[in-house]
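A quick write-up on the structure given underneath.
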Amino acid sequence: MINRTPVLGIAVFLLLLQPIVGEFEALAQGERNAHLLVDSPGGEIVAVFLISDGQPYYSIAYGDVEVMESSRLGVRLQDRPTFEGDVEIVGFDRRAVDETWEQPWGEVRYVRNHFNELSVDLKESNGDRRIRIVFRVFDDGVGFRYEWPEQEGLNDFVIMDELTEFALTDDHEAWWIPAYYVHRYEYLYERSPVSTLGAVHTPLTMETADGLFVSIHEAALTDYASMTLEANGTTTLQAGLVPWSDGTKVKASAPFVSPWRTIQIAETPGGLITSYLVLNLNEPSRIEDTSWIESGKYVGIWWGMHLDNWTWGSGPKHGATTETTRRYIDFAAEHGIDGVLVEGWNIGWDGNWIRNGDLFSFTEPYPDFDLEGVAEYARSKDVYLVGHHETAFGIDNYERQLEDAFALYRRLGVKAVKTGYVDNLAERHELHHGQYMVRHYRKVVQTAARHQVVLDVHEPIKDTGIRRTWPNMMTREGARGMEYNAWADDGGNPPSYETYIPFTRGLSGPFDFTPGVFDLKLDSSMRPEQEARPQMTLAKALAIYVVIYSPLHMAADLVENYEGQPAFKWIQDVPVDWDTTLVLNGEIGDFVTIARKQRGGDEWYVGSVTDEFGRTFRIPLDFLDAGREYVAEIYADAHNADWESKPNNIVIREQRVDADMVLDVRLAPGGGQAIRFRPAAQD
Ligand code: NOJ
C-alpha cells in the first residue's frame, strides 16, 4: 500500500474546490491566470492545467499524493517569440471516452481505452498564433500533447526546444540508461536518484517515497524528435529533443501534433506492465485487413555468426548457404517452428560492412545462396523465410531499394523481415533518434505494410506504441539482446538483466531478445578467448519466453543444440500471442513472475526469473478456472543448478493442480521456472 502523506500542492488544494470548478471554468476564457482540472474516470488521478501570468503549467495528483508539482509546458519556435510563455486561454473543451478495442496480436486481446480529456486552446497574448494542449487522464496515468491547428500565420515552422518539465516531488529512485551514447539503447539499466541523471532515454521508471511506481515515456512518435530526459542536479526532469544535424529539433507544418508525453502511475511495479496507456494514445489501426499479420517463432542463421562459427560475408565460413538454410528449414518444419531467419544472404557484406552500408544490395543474393529455390523449399514445407535487411545506416542506399526489396520478398512469400541499423549517424549525419530517422522508420513500416510483410527491427527507434496503428510493426531488439552473451567485453548480460527489462524497456513494447540458447557454456563457439556467455540457467532461458513479451520469438541457438533436448518441447509449446497477462510478483532488478493465457485456448503459461540470488515463492493458482483440473508441466532448476557452474541442470515434471492450490516455486541463483498449465481434460 502506498503511504498517502497529505501534501499542500496545488492539485490537492484544487480538489477541495471541486464543487465550484464550473465557476473557474467560466472564468477561464481569455485569462492569463486560471486553472482547469480533469480527473480520471475512477477519480483517483487528477491533472491540473494552470496558466500563471501567461505561462502554462500542469500538475498531477494520485489520490492525495502529489505526483507532479507545477511543471512547465510549452515549446520554443525558431525565429518567433511564441508559446514560450505569454499566452492566454481562448477556449477549452472536454470529452470522455470509454471504448474497448481488440489487438490483432498482443499481450492482451482486448484493451479498454477509458479517459477524460481536456483540450485547452491558447493564443499568444501579443499575436494571433494558436496552440492547443490536450490532456487525457486515465485510471493508470496521464498523457498530454501539443497540437498546432491549421491557422493563418503558422504554416511551416521549426521547433527549437520543448519546455516540458516533469517536476517530481522528491529525489525518487530511478532505473535508467543513458541517451546519446554510441550503442543507442543497448546499455545495462542502472539505479540511482533522479537528481544524478544526465540525459537518459525513456521509458524512465521511478519509485517514489510514497510507494508509487511512475514511468515517463512518450506515445505515437511518428514525425517528431525522440524525447530524452535530463535532471542535472535537480528533481525536475527537463524534456530534451534529439536534434537534426543543423541543430533544429523538429520541422513541422500545421496542422501538426507532438507525440503524447506519458506518465504511467501504479501502486505496484507490475501495475506498470499491465498498463496499456501508451497503446491507447496511438491511433487505431490503419491496416484494415490484418489477417495476413501472423505472430510466430523462428530459428535462424544468425547465432553462428556471433559465435564466429560462420561469417555474414562470402568465403569458406559463409553461413547463409543454400545447404545450411535447407537444413534449418527441415528443422523448423519438423518441430513446428514458423520461420527461418537468414542473415548474410545478400551481396555487400564483404570487407568492413559496418562502414560500407551504401554497398548493400537488397535484391541480389550471394552465388551460394539460391534465394528463389530456398524460398520455394520453405513454402513446400509450410515454413517461411524471415528476410534480412542490414542497412549499416546507409539510409539513402536502402530507401532507393526499399520498394524493390519488399516487392521481391512478397513475391517469394517472405512474411517477416528483420531490419538492422548498426552505427549511429545516418546519411547527412543525422542521429539515430532524431526526426530524420523517425521519418525513415515510418517509411519502412508503411512500405512493408503495403507488401504485407511484418517487421522486427534491430537498432530501432524506441517503441512508442505505433504497433496499434501499424500492426505489422511487430517487435524490435532495441536493448541488449542475447548477442551480448556471445561477445560482450563485460561478460554478457548479468543474471539480474531480465528482472529489469519488463519494468523498463519492456514498458515501451515488444522486445525481440532472441532467447533460447541451450548451450549455455558456449561449448559450440569458435570465438577465440571467449569471455561472455549467457548468465542464466536453462529453466530461466525457457521462462524468458513468457517474462519478455514479443509476438515474434526466436529459438536462437544452433539447431543441432536442440536435438535430443526434452526442454525444447517448451519452446515448441509456448505461444507468442496472448489473451490475458497478469504479473504475479516482482521487484525491479530482483525477480518477476508473469502469467499469460494463450489466445484462443485454455492454457496458461507462467515464467519466473530471478537475479543472481536463489529464491522461493508460493504462487497461488487462483488465475486458473475455478473447479477445473489442470496438468502443470514444470521446467524447474534442479536442486544443484546455478547459472555459473551447472546451468543445464533442469528437472521436467508434471503435477495435477487446480485453482485452489498454491505452488511452491524454487529458483536457483540466476535461475527461473517455466510452467505450462493445460486443462486435464485434454489428456
Ligand atoms: C548487428 C546486430 O547487433 C546483429 O544482431 C546482426 O546480426 C548484425 N548487425 C548484422 O545485421
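A short reminder: the numbers here are calculations on the coordinates, not readings from a lab. If you're wondering where the values come from, they're calculated on a predicted model, not measured in any experiment. Don't worry about glycine lacking a Cβ; one is built from the backbone with ideal geometry, like all the others, and counts go over all protein chains shown.
A protection proxy built from the mean count of other Cβ atoms within 10 Å ranks the segments 446-459, 345-358, most packed first, as 446-459, 345-358.
Please give the residues of the stretch 151-190, grouped as numeric ranges, whose backbone N is less than 15 Å from a label point set 7 Å along the Cα-to-Cβ vector of GLU230. Counting backbone N atoms under 15 Å from the label point, the list is 160-166, 178-181.
Work out the length of the dipole vector of the stretch 201-287 about its Cα centre, built from +1 on the beta-carbon of each Lys and Arg and -1 on the beta-carbon of each Asp and Glu, and round it to the nearest 20 debye.
Numbers: 4 positive and 8 negative charges, 59 e Å.
In debye, rounded to 20, the stretch 201-287 gives about 280.
For the chain, the residue among GLY516, THR447, GLN530 whose Cα projects farthest onto the positive side of the dipole built from Cβ charges is THR447. Between the stretch 251-305 and the stretch 537-569, the C-alpha centres lie 24 angstrom from each other. Taking 7 Å steps out from each Cα toward its Cβ at ASP404 and GLU147 produces label points 4.3 nm apart.
On full extension of the chain, what length is gained from SER125 through ARG439, given 0.36 nm per residue of separation minus the C-alpha to C-alpha distance? List each step's numbers first, then the result.
Working: separation 314, 0.36 × 314 = 113.04 nm, distance 3.36 nm.
Length gained, SER125 through ARG439: 109.7 nm.
Find the relative contact order for the chain and round it to a whole percent, using C-alpha pairs within less than 8 Å whose residues are 6+ positions apart.
On the way: 1802 pairs, mean separation 70.0, N = 683.
It comes to 10 percent, rounded to a whole number.
With both labels modelled 7 Å from their Cα along Cα-to-Cβ, the GLU173 to GLU560 distance reads 4.7 nm. The simple spin-label model puts a point 7 Å past each Cα toward its Cβ; for ASN648 and LYS521 those points are separated by 0.8 nm.
What is the ratio of the Cα radius of gyration of the chain to 2.2 N^0.38 Å, with N the residue count, to two decimals? Don't jump to the answer; show the numbers that get you there.
On the way: Rg = 25.6 Å, N = 683, 2.2 N^0.38 = 26.3 Å.
In units of the globular-protein estimate, the chain measures up at 0.97.
Against the chain, whose longest principal axis comes from its Cα atoms, helix 435-450 is set at around 60 degrees.
Charged side chains reduced to their Cβ positions (Lys and Arg at +1, Asp and Glu at -1) give the stretch 8-280 a dipole of some 500 debye around its Cα centre. Our summary gives the stretch 8-280 a relative contact order of 16 percent, counting only alpha carbon pairs under 8 angstrom and 6 or more residues apart. Calculated FRET efficiency, ASN356 to TRP101, Cβ-Cβ distance, R0 = 35 Å: about 0.20 to the nearest 0.05.
Place a label point 7 angstrom from the Cα of ASP660 along the Cα-to-Cβ direction, then list the residues of the stretch 596-638 whose backbone nitrogen is under 18 Å away. Those under the cut-off are 619-632.
Once C-alpha pairs closer than 8 Å and six or more residues apart are averaged by separation and normalised to the residue number of the stretch 274-347, the relative contact order reads 35 percent.
What would the Debye equation give as log₁₀ I(q)/I(0) for the stretch 8-280 at q = 0.12, 0.16 Å⁻¹, counting only Cα atoms as equal point scatterers? Per q value, in the given order, log10 I(q)/I(0) is -0.74, -1.36.
Show me the ranking of peptides 292-301, 418-427, 473-482 by mean Cβ neighbours inside 10 Å, starting with the highest. Mind dumping the intermediate values first?
Numbers: 292-301: 22.6, 418-427: 19.1, 473-482: 24.7.
My ranking of the peptides, most packed first, is 473-482, 292-301, 418-427.
Each of ALA668, GLY589, THR222 was scored by the projection of its Cα onto the charge dipole of the chain, and the greatest displacement toward the positive side belongs to THR222; charges sit on the C-beta of Lys, Arg, Asp and Glu. Comparing MET305, PHE406, TRP349 along the charge dipole axis of the chain, the residue lying farthest to the positive side is PHE406, per the Cβ-charge model.
What FRET efficiency comes out for GLU629 versus GLN446 if R0 is 56 angstrom and r is the Cβ-Cβ distance? Round to the nearest 0.05. Rounded to the nearest 0.05, the efficiency is 0.70.
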